[in-house]
Amino acid sequence: MNTVIAINQLTRCFKETAAVDQLSLEVHAGEIFGFLGHNGAGKTTTVRLLNGVIEPTSGSMRVLDLDPKMDGPNLRARTGVLTETPSMDERLTAWDNLDIYADLYGVPRADVSKRINELLDEFDLADRAKERVAGYSKGMKQRLALARALLHKPELLFLDEATSGLDPIAAHHVNDLIERMARRENRTVFLCTHNLVEAQKLCDRVAVLEHGRLVALGTPAELTRQYVRRLDVQIEINEEQIEGTLQILRSLPRLVISEPVRTNGALTVTLSGHEAIPDLLEILVHKSVRVYRIAAQEANLEQVYFALHGEEESVQ
Amino acid sequence: MNARAISAIVRKDLKVVSQNKGVMLPIILLPLILFVILPWIVTLMPFLGDIFGITADDLNKFQGLINRMGPGVQQELAEFDQYQVFVIYFLVFVMAPLFMILPIMVSSVIAADSFAGEKERKTMEALLYTPTTDRELFVAKLLSGWLAALAVALVGFALYVIMANAAGWSQIGRIFFPNTMWLVLIAWVVPALPGLGLGVMVLVSSRAQGFQDANQIGGVVVLPVVFLAIGQVSGAMSLSVTLLFLLGLIIWLLDGLLIWLGSRSFQRGRMLGA
């Protein structure tokens, strides 16, 4: 598996505060890598470091086999960045914005018009290409910023809060585009977000950052198994055995952490985690309970996130 | 150096500035007042003495001022009568330091928009993620201010050549402008002047919060030229070809110093406030 980003003990301090603190991780080619964290966790600083826009205080990094500190211009020719705010020149038209950045990214002059037209069509902006960006909606500006980041067909795309402030339809559209770029065009996407639902849906692996430090890294499934301590499970058994099974469940406080509930001929219980499932199943089989079906309600990144932050309440 | 990238940034900055009324208004108004309206007022002043409160005694005192000027100025004015001297002195000698304000003002306003304004509008960050080097960015930002200031100054000068000669025609009766001193001013001093505005603004912009902030702090760069104009009007000093050559040399050296300091402080991270 090709490593696109390799970070080792990366630290960046602003005065006394470490915005990124001894961060180590790897991102592989073709994956959508989620970089999660609250506002101020160090996500944007990491993107700036990885593109050679700012220099690290200590540690090392390689991006596309280049050192961002030494090879910044060569590296940035191969990466695309969507910043948290669209950063468009609002006094210029969409076409002018893209035309200028095509020159900055070194898109061959003969291909510029064709490439701009392709992107404007792709992002549904062709009809208003000659209008000043100031008159665009936030969603349109975000799509235009994404088009700008893709002008030079980058191998690695950094998206910093790509759907922040967008309405659900616009956010869905942007997420579709991200997925398509990674799955069909085989680009690597480094997605900074605090939208956990989005990360769960899109990302192959995620890293969770807190105050600049990496606190979790893995696939969403790995993280939920590792960090979520509560798991709702529905168990379908022989109806005649329900009362007896309730007694068994109540006698297992290490595995079953809430009062079992009887619903529609099945039992719903909250277990202490994924590892409790095989243990519980083994006990029920040993006690001759006829189990027809056992279904865990999948935990999600939101639960992981709050587990990591020691909070029980949900975001929504 | 990537010439295509530099030219793209210059194009972008000039297009953005041309859409900004707050920047364009002073750039248009100052030359209009100084080089179109003022020549006509000056040439009419001696003949509308009642309106302007100018008496024959004032004109005699004015002759006293001319007598204090350097031999070059006196020699140049020797062949003219009292009214003609008044018109030529103002249109040629007093206007020279005032003209110097134009390239400084244009370059500093454009630099304030290009450096601090871009930071304020949050458009700088996208630029910093492009493959341009810090040096290319810096050169491009300087060039856009320099080129715009020179273009405005040259257009202003061309306009002034026409207006000064047209306004003075009734008194002088021939083309009297520009003289050698002005040619030195335009060819040697004026191209150096935008560097002052740009250099100061680069240093100010890394600390300024936005366009207005930078513009106000950077505006002080015009003050030495204003003092020069006051000196010329009061007779405390007299501009000449030699003095302008020396002045130009000092400004070019100052440009070099300011731009060297600016280039040291111009780093991607700092432009983000990091």
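The values are calculated or read from the model by the stated rules, or taken from the named source; none is laboratory data. On a predicted model such as this, the values are computed, not experimentally measured, just so you know. Here Cβ is always computed from backbone atoms with ideal geometry, including for glycine, and neighbour counts include all displayed protein chains.
Annotation note: of B:LEU258, B:LEU247, the sole residue that is buried (at least 19 other Cβ atoms within 10 Å of the Cβ), within 26 Å of B:LEU127 (Cβ to Cβ) and either out of contact with any helix residue (DSSP H, G or I) (no Cβ under 6 Å at 6 or more places or on another chain) or of a type outside the set (Asp, Glu) (or both) is B:LEU258. Residues that are within 10 Å of another protein chain (Cβ to nearest Cβ) and either surrounded by fewer than 16 Cβ atoms within 10 Å (Cβ to Cβ) or modelled with pLDDT under 90 (or both) within region B:16-45 comprise B:SER18, B:GLN19, B:ASN20, listed in sequence order. In region B:46-86, of all residues being of a type in the set (Phe, Trp, Tyr) and modelled with pLDDT of 80 or more, the one that is nearest to B:MET237 (Cα to Cα) corresponds to B:PHE86. Within region A:29-85, if we keep just the residues that are of a type in the set (Val, Ile, Thr) and more than 10 Å from chain B (Cβ to nearest Cβ), the residue that is farthest from A:GLU155 (Cα to Cα) turns out to be A:THR57. Per the conditions (1) closer than 28 Å to B:GLU118 by Cβ; (2) within 22 Å of the chain's Cα centre (by Cα); (3) at pLDDT 90 or above, the sole criterion not satisfied by A:ARG187 is (1).
Quick check, is A:ILE5 modelled with pLDDT of 95 or more, at the interface with chain B (Cβ under 8 Å from one of its Cβ atoms) and touching a helix residue (DSSP H, G or I) at 6+ places or on another chain (Cβ under 9 Å)? No. Answer with yes or no whether A:GLU236 is modelled with pLDDT of 85 or more and either surrounded by fewer than 20 Cβ atoms within 10 Å (Cβ to Cβ) or within 30 Å of A:LYS287 (Cα to Cα) (or both). When the stated conditions are applied, A:GLU236 passes them. Highlighted here are the helices (runs of 4 or more DSSP H) found entirely within region A:82-157 that include at least 3 residues which are out of contact with any Cys (no Cβ under 9 Å at 6 or more places or on another chain) and surrounded by fewer than 16 Cβ atoms within 10 Å (Cβ to Cβ): A:112-122.
Residue count for region B:1-15 satisfying the condition of being surrounded by fewer than 16 Cβ atoms within 10 Å (Cβ to Cβ), of a type in the set (A, V, I, L, M) and either within 11 Å of chain A (Cβ to nearest Cβ) or closer than 21 Å to A:ALA134 by Cβ (or both): 1. Restricting region A:89-116 to residues that are more than 7 Å from every other protein chain (Cβ to nearest Cβ) and of a type in the set (A, V, I, L, M) leaves a set whose member that is farthest from the chain's Cα centre (by Cα) is A:ALA110.
Where helices (runs of 4 or more DSSP H) fall entirely within region B:178-229, those with at least 3 residues that are farther than 18 Å from B:TRP260 by Cβ and of a type in the set (A, V, I, L, M) are at B:180-184. In the list B:GLN74, B:GLN63, which residue meets the criterion of being farther than 29 Å from B:ILE33 by Cβ, in a helix (DSSP H, G or I) and away from every other protein chain (no Cβ under 14 Å)? None of the others qualify; the one that does is B:GLN74.
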